[in-house]
Amino acid sequence: MPVLIPENLAELREAACSHDPVLLAGGTDLMVALNHRSQRIESDLTVVSLAQVPELRSWSHDPTSGELTIGSGITWSQLERAPFDALAPALAQAARTVGSPQIRNAGTIGGNIATASPAGDGLPVLLALDATVDSVGSDGERSTPLSELLTGTKRTSLAPGEVIVAVRFKVDDGWQGYAKIGVRNAMVISVAGVALVLDGTARRARIALGSVGPTVLLAGEASAFLTSEFDWDAWTCSEATIATVAEMAAEESRPIDDHRSTAEYRRHGVRVLTSRLLKRGRERR
Ligand SMILES: Cc1cc2nc3c(=O)[nH]c(=O)nc-3n(C[C@H](O)[C@H](O)[C@H](O)COP(=O)(O)OP(=O)(O)OC[C@H]3O[C@@H](n4cnc5c(N)ncnc54)[C@H](O)[C@@H]3O)c2cc1C
């Protein structure tokens, strides 16, 4: 099976467009899928490594627009540290919960998005941040809201060979956090995950949920209620608002029973995590 290792974005575009490629970033999802035989690489397919493309490993922050652009090849180990821990604290918190140090050294944000698992820890955060995904494929470049890119459980609107180049979102003036529960404290796929963004500039709250639906979900009604009830000047909200928002988020989740958890425990998890995050968010700005 041929393996191509492009060294810049132009070479990557050429490789991805002119072959029937299997894209390989950190390999932490792809190799598991191959080992479990849920994915096969036929001998006539070409593996295109993304590891040596510097453009995918770059990032930028525009202080004027406030936009943070993160290359798809940025790893979890990078995301958990400076400057991302200050620019996107919820993403850094999510990064710290991913797998083990070895997985975080290899796994990338682009691979997390493309895998589109409802349990992907980066996804609720990026959804709450209203992120946009930049990609390039045989039809050229496009920018797609993450909410539209994720079409179902492990399904995206990416065409075969279409490469995620970067993900970007506004770094807002406010508070953001991510919390998850699992069956243990480390090396654990989430049983429920919640991301909360309190955007002080837009005066808007967004709550996104992981592992409690076929894909990550925006808790739209809970977000709208919190947006209207939060006192954006005093930066606080009442205990009653917290309880109502937590209940609404739990009601908006669509969990299932499986080998990791019952649906009821997942719904309870959403209630507790939402309440916990909101209590933290109203105290710290
Ligand atoms: C032991 C273990 C523990 C884990 N724990 C967690 C966890 O706690 N939380 C969590 O969220 N995940 C976890 N994962 C899953 C995985 O580490 C992450 O989803 C990671 O971000 C995947 O990135 P990658 O670079 O390794 O992707 P890869 O495995 O290289 O690729 C995954 C898929 O995405 C495609 N792809 C990769 N990059 C791009 C791109 N730029 N454009 C288009 N398509 C692309 C590939 O073709 C492939 O289909 C774990 C995995 C393992 C093995």
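Looking at THR115, THR75, THR69, which one is hydroxyl-bearing (Ser, Thr, Tyr), in contact with a Lys or Arg (Cβ under 9 Å, 6 or more places away or on another chain), outside the structural domain of ILE181 (by TED's automatic domain parsing) and closer than 23 Å to PRO214 by Cβ?
Details: THR75 fails: closer than 23 Å to PRO214 by Cβ; THR69 fails: closer than 23 Å to PRO214 by Cβ.
Within the list THR115, THR75, THR69, the selection yields THR115.
Pull out all pairs, ordered by first then second residue, where Cβ-Cβ is under 7 Å, the residues are six or more apart or on different chains, the first lies in the range 88-117 and is free of Cβ contacts under 8 Å to residues at least 24 places away in the same chain, and the second is of a type outside the set (Lys, Arg) and more than 8 Å from the ligand (Cβ to nearest atom).
Taking only residues 6 or more apart or on different chains, the pairs are ALA92/LEU79; ALA92/GLU80; ALA92/PHE84; ALA92/ASP85; ARG96/GLU80.
Residues are listed down the side, and each one gets a yes or a no for (1) within 11 Å of the ligand (Cβ to nearest atom); (2) within 30 Å of ARG184 (Cα to Cα); (3) in a helix (DSSP H, G or I):
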{"site": "GLU7", "(1), (2), (3)": "no, no, no"}
{"site": "GLY26", "(1), (2), (3)": "yes, yes, no"}
{"site": "ARG40", "(1), (2), (3)": "no, no, no"}
{"site": "LEU68", "(1), (2), (3)": "no, no, no"}
{"site": "ASP85", "(1), (2), (3)": "no, yes, yes"}
{"site": "LEU91", "(1), (2), (3)": "no, yes, yes"}
{"site": "ARG96", "(1), (2), (3)": "yes, yes, yes"}
{"site": "ILE103", "(1), (2), (3)": "yes, yes, yes"}
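Those residues that are within 30 Å of ALA186 (Cβ to Cβ) and in contact with an Asp or Glu (Cβ under 6 Å, 6 or more places away or on another chain), I need them from the range 115-158; list them, please.
The one that is within 30 Å of ALA186 (Cβ to Cβ) and in contact with an Asp or Glu (Cβ under 6 Å, 6 or more places away or on another chain): THR115.
Does THR156 meet the test of being away from the ligand (no atom under 14 Å from the Cβ), open to solvent by 30 Å² or more (accessible area, probe 1.4 Å) and in contact (Cβ under 8 Å) with a residue 24 or more places away in the chain? So that I can check it myself, show each step before the final result.
On the way: away from the ligand (no atom under 14 Å from the Cβ): no; open to solvent by 30 Å² or more (accessible area, probe 1.4 Å): yes; in contact (Cβ under 8 Å) with a residue 24 or more places away in the chain: yes.
In short, no.
For the range 40-58, give me each residue that is surrounded by fewer than 14 Cβ atoms within 10 Å (Cβ to Cβ) and of a type outside the set (Gly, Ala, Ser).
Across the range 40-58, the qualifying residues are ARG40, GLU42, ASP44, PRO54.
Consider only pairs whose beta carbons are under 7 Å apart and that are at least six residues apart or on different chains; among these, list those whose first residue lies in the range 63-85 and is farther than 24 Å from THR201 by Cα and whose second residue is open to solvent by less than 40 Å² (accessible area, probe 1.4 Å) and assigned to a loop (DSSP other than H, G, I, E, B).
What qualifies is GLY73/LEU50; GLY73/VAL53; THR75/GLY26; THR75/GLY107; TRP76/VAL98; TRP76/GLY107.
Okay, residues lined up against (1) more than 18 Å from GLY213 (Cβ to Cβ); (2) polar (S, T, N, Q); (3) at pLDDT below 95:
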site: LEU123; (1), (2), (3): no, no, no
site: ALA128; (1), (2), (3): no, no, no
site: GLU148; (1), (2), (3): no, no, no
site: SER157; (1), (2), (3): no, yes, no
site: GLY161; (1), (2), (3): yes, no, yes
site: VAL171; (1), (2), (3): yes, no, yes
site: MET187; (1), (2), (3): yes, no, yes
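The values are calculated or read from the model by the stated rules, or taken from the named source; none is laboratory data. Quick caveat, the model's predicted, so the values are computed rather than measured. Neighbour counts are summed over all protein chains in view; Cβ atoms, including those assigned to glycine, are modelled from backbone coordinates with ideal geometry. Quick note on the areas: whole protein, heavy atoms, side chains included, nothing else; ligands and nucleic acids left out. Shrake-Rupley method; radii C 1.70, N 1.55, O 1.52, S 1.80 Å.
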